[in-house]
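Engineer: The structure that follows is given in the form of structure tokens.
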Amino acid sequence: MKSFQNPFEYDAATSLSPDQILDFYIEDYSFSRFLQSTRNVFLVGERGSGKTMALLYNSFAVQVKRSASTATQSHHRLGIYVPCNTPLTHRREYELLNEFQSAVVSEHFLVLAILFSLADTLDKIPDGLTASEDKTLAEHYGYLLDTKLHADVSFFKSIAMFAQREITHTQQVLNAGTAEHFYPKALTFSSAIMSLFDLIRRTKTFSSTHFMLLIDDAHYLNPLQIRALNSWIAYRDHSQFSFKVACAKVEQPDFVTATGGSILEGHDFALIDMEQPYQFETSSFGRMARQIVQRRLDRIGITKSPDNFFPVSAELQNDLEKCERVVEERARLLYPNGPAKKIRDYVYKYARVEYFRSRSSKANRPQYSGFETITYLSTGIIRNLLEPCYWMYDKAKSLQNEADSTGELAFIPPTVQREIILQRSDRLWETVQEKLPKIVSGCSQIEARRIRNLFDNLSTLFRERMLRHKSEPRANSFTISGLTPELEKQIFPLLRIAMRAQLLYVRSGVAKDEGKRENYYVPNRMLWPARGLDPQGQHARVSLKARDVLSAAFQNKSFPFVESASLIPCSDLELFQD
Amino acid sequence: MTAIQQEFPLEKKLDQNLRRDFGPARGKSIFANYVQARDCLSTDILRYIVGREPSLTDHGVDHIRNVLENVELLLQSDIKELNAVELYVLVISVLFHDVGNLFGRKNHHKKIGDIYEYVRHSDSQFSQEKCLVIKIASAHTGEALDGSNDTLNDLQDSDNLYGKQVRSRTLAAILRLADELAEGEHRTSKYIVKAHGFSKESRIFHDYALVTSVHPDRGNGRLMLTYNLRLQARKGKVLSSNRGKFVRLMNFAYGRIVKLDEERKYTKHYAPLLEPYKRTSVHFNFHLDSSLHDLDIGDLTLSDKIIPGENPPNMTKLFPQCEPSKLWQRLSQIKLNPAVVRLR
Amino acid sequence: MLAEEQVRHAYVFYYEEFAKRTEKARSSVARLCSRARIKIEILPLKYENPVQSWTAARNFCEGRRTQIRHVLLDISTMPRDLIWILLSFFRELNVHGTYVYNMPKGYHSKWLSRDPGDPRLIYKLGGESKFGLKTVLLVVTGFDLERAQQLIDFFDPTETILAVQSGPQYDNLRMNASRHREFFRGSPDITSFDVDAYSSDHGYSKLQKAIAARVGNGNIVMASLGPKLSAMALFRIHMSHPQVGLTYTPSKDYNLKYSHGIGNTIRGDLFCAPSYSGSPLPSSTKPLVPGKL
């Protein structure tokens, strides 16, 4: 058992207490304003991107703590957290029924989950209802559902108990016997939830409350539940309530409704991509990364900044400075009349490249260290930021304890940073080489081999570029051009598996054609240290032909490399600002 | 190959249905008539409309394709309710509905005949088809025979072609709504808008096209209008000099929303196939520079719903001739004939 | 065994997707039955269609309930989900019997199965979960570390209990016990204990103790990745605690040569009451209930 507290715990958000969530969470205005609006929102992002944290932060349990600390209390917006990754969501008995009955039973499960969460949350609001409101609501709601609610407890408590009783009874009916059983007293969203909202809003406390239903891990819902949810989003106006739905990017549910219609981004909901591109330290993720780590350090009384707590190795720093000087001289020869900005841009582009190019092929892997590097390695995913910090702190603290158990950790030695980075990078390659079929369901051995080929060849290409490319040597993301439906069918399943394994992230960025946006792919930057590459990539994206991607994956053919091939132009840094 | 010459699902469906209903040889021949009209119009007529009316939003090949796509989206799987000939007549009518713009915007819907003759080489075997197409295409805008805007009323659902029923009124209603939905960025040019290349009077139409996105959602019974207004900001605040343009565009949009909703109600009155569309759902997105902001203006839905007792229509306003005092006056003027049989 | 058990009728389930691979084995069984004058029925199931498989198994059980006086269930090569489904039907229909498990002499050194799908709760054996309770996952571990990790990733439990098979058989200590302990070392929400599926109760008493301590405080899901006999123990736990669910992860590919040889044979009553502490299961060859198939 460890005797020290690691400030970089990266536990799932659901394991944190409301106080911890308040402590840890850094609000990002770019999407928090949507979470707090009456708009329906879909939050998409892979594991560790902060979706659950964002929902929980906006839930009543956390907001009530926040308002206690700021002495403001209002029920203008109430967040009701509804988790979907529960054994209840994984039940499959609906598959034994016909289509209509499946849809009814599926909706019933989801409605009960929402009903329980709603009642359980509202029950925690002190003096939410007057005694007479309590009694009236119990009578009316009991009448609507044709049930006698528990009389000895508060109205909301009795609803929660009703939901609990119903879910148990439903499961018992579905589990019983050998036949496919339907549950005849299934509830619908309109009968159970909307009617409850209507009743609640007649009370004094909740007369102008907007309820935000925070549906987490919606990708676990079955297809019929997803359609029901989409229908609720499509059909109702969202003045009384709205949905904030978090789901995984790759397994993003479709937007078809139960009636065969669809919901549209921009019209029915706003879509927020939680995976933020990290281009440079002043990008929004860069700022957020600093704030997250700073807050963690503050919590345990460490006053240093993240950059000072995770310092760059002195050796690396010296080498980089030497290279900057060499490159600056070269730039002055190329541009004797300046301007100064051009020379600065040149140094920015080529200084690190000079470092990597000038290293001996027999040298050890570089001294990966520094908070900037750690942030790049996270590839814009919060958990990927915290996890290596956790293990670095753990290692550094253990080493320190061996020497002097009472001392405080002043910083993480660069050697420890490097060790952990390389370990994690090697482990990620193990996933690529061996583990995909075991950890990603639906990934066959053949597909795993193709993905392995693809990543090996990407790594080779990026290495070649770093060593020899004339204009954009540090590019380490790519777009795919020349996609036909046939090529898509072959390539996209591999990319999806890689995304599910978090080896690859897809982002949206400005395309060559002004104003249009395109998808581009960013391999997990934690892959590159193991191959001696620079995780601090450039803004540029390499354009790969779909045919070449296919050949690389299927036939293990190298990507063609031209020393001076042009890229998606990105001379304006502003292009990629968030 | 132009945009409408590239194969797309509606054409495939038409080809299949014609062969199904008429047999392979005859079906193929009728489909060939469609292809001939399509190719001739796209190479000789449609792309020259822009030259004739340079400030109009696009009425050329891309627009025609968009209208055809909207027909499919509007009907979805219920397209099977149209027989093969009806589908054929509908598609031909879409091809021809805006060709009159070649002679100028005014009354363009009435100038189809000459172009039709040119395309069909004045072949008399197409005379029945010509009548139907002109009737249907003419009804997509303009005035009816009685001088009102009720152009669909002039048509019937009892026409025929190749021995099969053709519900002209239904087809005209579908064309009309599909045309109304053909709005969006593709109808204009961002560059020309920026460079002030369009006439002053037509500028607002192009600005509107740039911000509008339309989508028929049959499954949910709605037409969806989404507006993405992009506003410039300086030092984090919206540029006040854009206020006038913003207000004008919003008011124009409101007018267009009401028009679309009216078209929805109007066309579905005549075409049961459009019955599912019970509401028009509108959403505005405001982008300050590149960042989306929600102004919480709530749900903007226009629907057919009428709640008994709330805002009932006023009969005497709707039918002034039924005003009781006027009726009494008319009754008072009646003079009965003297020979009246008195009942004992 | 067939003669010993006086088997009159044999039913062989197979998955259509693996029909070619299992053809030889089925033919051998058919010849064996023919020589012993045992009627044989070969029943196809669809691996990719769990509804169809479940329905076929249910129809099989219901259709023969009046004819079966005693069933001998050979679970040696039977997938765990099918074992549980058949057991649940037999229990519902009050069919009694014996199970038999033939231990292999050894397992393939490289792989047994691969290309796993998503874990899924078994129809009608998913337990009775409640709102607001944490998820508890119990896994009887096998040789494949990543399968346990996959279950943890899928169910995202607040607590995971690893029941690690004890004993040196099949290189278990290296392949299973120490690898799991090393891999999950330091994870605060993972506890582990040893269990022996080859003991007379197949680990039931220890597993039951772990479950009983948590029933009512969590939504519990159980998985058997280790020796197949642990599946019998888990089913008995489910019978005692119907709130506890059973889960299974199907694999799309099985190594045809995943095991070799036949070692000891273990038998027991299908639904013997779980009062094993101190009274080991009879390991004799006689069935507990007279009367034959």
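The values are calculated or read from the model by the stated rules, or taken from the named source; none is laboratory data. Computed from a predicted structure; not experimentally measured. We place every Cβ from the backbone using ideal geometry, glycine too, and count neighbours over all the protein chains shown.
Engineer: State whether the residues of segment B:243-259 include one that is part of a helix (DSSP H, G or I), of a type outside the set (D, E, K, R), within 16 Å of the chain's Cα centre (by Cα) and closer than 21 Å to B:Ile306 by Cβ.
Structural biologist: We begin by selecting, within segment B:243-259, every residue part of a helix (DSSP H, G or I); these are B:243-259.
From the residues that got through so far, the ones that are of a type outside the set (D, E, K, R) too are B:244, B:246-247, B:249-255, B:257-258.
Now restrict to residues that are within 16 Å of the chain's Cα centre (by Cα): B:255, B:257-258.
Pick out the ones that are also closer than 21 Å to B:Ile306 by Cβ and you get B:257-258.
For segment B:243-259, residues part of a helix (DSSP H, G or I), of a type outside the set (D, E, K, R), within 16 Å of the chain's Cα centre (by Cα) and closer than 21 Å to B:Ile306 by Cβ: present.
Engineer: Given the conditions (1) more than 36 Å from the chain's Cα centre (by Cα); (2) within 12 Å of chain C (Cβ to nearest Cβ); (3) in a loop (DSSP other than H, G, I, E, B), and given that A:Leu88 satisfies all but one, which numbered condition is not satisfied?
Structural biologist: Among (1) more than 36 Å from the chain's Cα centre (by Cα); (2) within 12 Å of chain C (Cβ to nearest Cβ); (3) in a loop (DSSP other than H, G, I, E, B), A:Leu88 violates only (1).
Engineer: Something else about it: So for segment A:198-212 (the condition being within 12 Å of another protein chain (Cβ to nearest Cβ), in a loop (DSSP other than H, G, I, E, B) and at pLDDT 90 or above), does at least one residue qualify?
Structural biologist: No: segment A:198-212 contains no residue that is within 12 Å of another protein chain (Cβ to nearest Cβ), in a loop (DSSP other than H, G, I, E, B) and at pLDDT 90 or above.
Engineer: Quick test of your reading of the structure: B:Lys235 fulfils all but one of (1) modelled with pLDDT under 95; (2) touching a strand residue (DSSP E or B) at 6+ places or on another chain (Cβ under 6 Å). Name the failing condition by number.
Structural biologist: The failed condition is (2).
Engineer: Is segment A:500-517 home to any residue that is in a helix (DSSP H, G or I), under 24 Å from the mean Cα position of the chain (by Cα) and not assigned by TED's automatic domain parsing to the domain that holds A:Val44?
Structural biologist: Yes: one or more hits.
Engineer: Also: What's the number of the condition C:Asp115 fails, among (1) surrounded by fewer than 20 Cβ atoms within 10 Å (Cβ to Cβ); (2) in contact with a Pro (Cβ under 7 Å, 6 or more places away or on another chain); (3) among the acidic types (Asp, Glu)?
Structural biologist: The number of the failed condition is (1).
Engineer: Can you tell me how many residues in segment A:142-154 are closer than 23 Å to A:Ala186 by Cβ and either modelled with pLDDT of 95 or more or assigned to a loop (DSSP other than H, G, I, E, B) (or both)?
Structural biologist: The qualifying residues number 5.
Engineer: If you don't mind, another one. Going by what's in this entry, would A:Glu133 be described as in a helix (DSSP H, G or I), buried (at least 17 other Cβ atoms within 10 Å of the Cβ) and of a type outside the set (Gly, Ala, Ser)?
Structural biologist: For A:Glu133, the condition - in a helix (DSSP H, G or I), buried (at least 17 other Cβ atoms within 10 Å of the Cβ) and of a type outside the set (Gly, Ala, Ser) - is met.
Engineer: May I pose another question? Is one or more of the residues making up segment C:103-117 part of a helix (DSSP H, G or I), of a type in the set (Asp, Glu) and within 11 Å of another protein chain (Cβ to nearest Cβ)?
Structural biologist: For segment C:103-117, residues part of a helix (DSSP H, G or I), of a type in the set (Asp, Glu) and within 11 Å of another protein chain (Cβ to nearest Cβ): absent.
Engineer: For the list (1) within 14 Å of another protein chain (Cβ to nearest Cβ); (2) in a helix (DSSP H, G or I), I need the number of the one condition that B:Arg230 fails.
Structural biologist: It fails just one condition, (2).
Engineer: Of the residues C:Ser109, C:Ser88, only one is small (Gly, Ala, Ser), touching a helix residue (DSSP H, G or I) at 6+ places or on another chain (Cβ under 9 Å) and within 30 Å of A:Ile497 (Cβ to Cβ); which? Full working, then the answer.
Structural biologist: Numbers: C:Ser88 fails: within 30 Å of A:Ile497 (Cβ to Cβ).
None of the other options fit; the residue is C:Ser109.
Engineer: Look through A:Ala119, A:Ala71, A:Ala61 and report the one residue that is in the same structural domain as A:Asn40 (by TED's automatic domain parsing), of a type in the set (A, V, I, L, M) and modelled with pLDDT of 95 or more.
Structural biologist: Testing whether each residue is in the same structural domain as A:Asn40 (by TED's automatic domain parsing), of a type in the set (A, V, I, L, M) and modelled with pLDDT of 95 or more leaves just A:Ala119.
Engineer: Which condition number in (1) modelled with pLDDT under 95; (2) outside any helix (DSSP H, G or I); (3) within 14 Å of chain A (Cβ to nearest Cβ) is the one that C:Ser200 fails?
Structural biologist: It is condition (3) that C:Ser200 fails.
Engineer: Taking the condition touching a residue at least 40 places away in the same chain (Cβ under 8 Å) and surrounded by 15 or more Cβ atoms within 10 Å (Cβ to Cβ), does C:Ser205 pass?
Structural biologist: Taking the combined requirement at face value, the residue satisfies it.
Engineer: Inspect segment B:161-173 for any residue being more than 18 Å from B:Ile79 (Cβ to Cβ), in a helix (DSSP H, G or I) and modelled with pLDDT under 95 and give the result as yes or no.
Structural biologist: Within segment B:161-173, none of the residues are more than 18 Å from B:Ile79 (Cβ to Cβ), in a helix (DSSP H, G or I) and modelled with pLDDT under 95.
Engineer: Just checking, how many residues over segment A:155-186 are assigned to a loop (DSSP other than H, G, I, E, B), within 14 Å of chain C (Cβ to nearest Cβ) and buried (at least 17 other Cβ atoms within 10 Å of the Cβ)? Write out each step before concluding.
Structural biologist: First, the residues of segment A:155-186 that are assigned to a loop (DSSP other than H, G, I, E, B): A:176-186.
Subset that is within 14 Å of chain C (Cβ to nearest Cβ): A:176-183.
So of that shortlist, the ones also buried (at least 17 other Cβ atoms within 10 Å of the Cβ) come out as A:178, A:180-183.
Here the count works out to 5.
Engineer: Kindly provide the set of residues from segment A:463-482 that are at pLDDT 90 or above, under 14 Å from A:Asp534 (Cα atoms) and in a loop (DSSP other than H, G, I, E, B), ordered by number.
Structural biologist: Once the filter is applied, which keeps residues that are at pLDDT 90 or above, under 14 Å from A:Asp534 (Cα atoms) and in a loop (DSSP other than H, G, I, E, B), segment A:463-482 yields only A:Ser477.
Engineer: Next up: Residues in segment B:78-98: is at least one closer than 30 Å to B:Thr212 by Cα and touching a strand residue (DSSP E or B) at 6+ places or on another chain (Cβ under 6 Å)?
Structural biologist: yes
Engineer: Restricting to segment A:240-266, name every residue that is among the charged types (D, E, K, R) and either crowded, with 17+ Cβ neighbours inside 10 Å or facing another protein chain (nearest Cβ under 8 Å) (or both).
Structural biologist: Across segment A:240-266, the qualifying residues are A:Lys244, A:Lys249.
Engineer: Next question, about the same structure. Mind checking which residues of segment A:99-116 are within 11 Å of another protein chain (Cβ to nearest Cβ) and either in contact with a Leu (Cβ under 7 Å, 6 or more places away or on another chain) or at pLDDT below 95 (or both)?
Structural biologist: Across segment A:99-116, the qualifying residues are A:Ser102, A:Phe109, A:Leu112, A:Ala113, A:Ile114.
Engineer: Return the residues of segment C:124-146 that are within 7 Å of chain A (Cβ to nearest Cβ) and either among the aliphatic types (A, V, I, L, M) or part of a helix (DSSP H, G or I) (or both); say none if nothing qualifies.
Structural biologist: Hit for segment C:124-146 is C:Glu146, nothing else.
Yes or no, residue by residue, for (1) in contact with a Leu (Cβ under 8 Å, 6 or more places away or on another chain); (2) at pLDDT 85 or above:
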{"site": "B:His109", "(1), (2)": "no, no"}
{"site": "B:Asp114", "(1), (2)": "no, yes"}
{"site": "B:Ser122", "(1), (2)": "no, yes"}
{"site": "B:Leu132", "(1), (2)": "yes, yes"}
{"site": "B:His140", "(1), (2)": "yes, no"}
{"site": "B:Ser148", "(1), (2)": "no, no"}
{"site": "B:Leu155", "(1), (2)": "no, yes"}
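Engineer: Quick check: is even one residue across segment C:161-169 within 13 Å of another protein chain (Cβ to nearest Cβ) and either in a strand (DSSP E or B) or closer than 27 Å to A:Ile167 by Cβ (or both)?
Structural biologist: Checked against the condition, which is being within 13 Å of another protein chain (Cβ to nearest Cβ) and either in a strand (DSSP E or B) or closer than 27 Å to A:Ile167 by Cβ (or both), segment C:161-169 yields no hits at all.
Engineer: Could you say which residue among C:Phe60, C:Phe89 is surrounded by fewer than 21 Cβ atoms within 10 Å (Cβ to Cβ), farther than 30 Å from C:Thr191 by Cβ and aromatic (Phe, Trp, Tyr)?
Structural biologist: On inspection, the qualifying residue turns out to be C:Phe60.
Engineer: Restricting attention to segment A:36-63, which residues are over 18 Å from A:Ser117 (Cα atoms) and either in a helix (DSSP H, G or I) or basic (Lys, Arg) (or both)?
Structural biologist: Initially, segment A:36-63 is screened for residues over 18 Å from A:Ser117 (Cα atoms), giving A:36-51.
If the condition is that a residue be over 18 Å from A:Ser117 (Cα atoms) and either in a helix (DSSP H, G or I) or basic (Lys, Arg) (or both), then A:Arg39, A:Arg47, A:Lys51 are the ones that fit.
Engineer: One residue is enough: does segment C:17-39 have a residue meeting the conditions without any contact (Cβ under 8 Å) to a residue 12 or more places away in the chain and buried (at least 16 other Cβ atoms within 10 Å of the Cβ)?
Structural biologist: The answer is yes, given that some residue of segment C:17-39 is without any contact (Cβ under 8 Å) to a residue 12 or more places away in the chain and buried (at least 16 other Cβ atoms within 10 Å of the Cβ).
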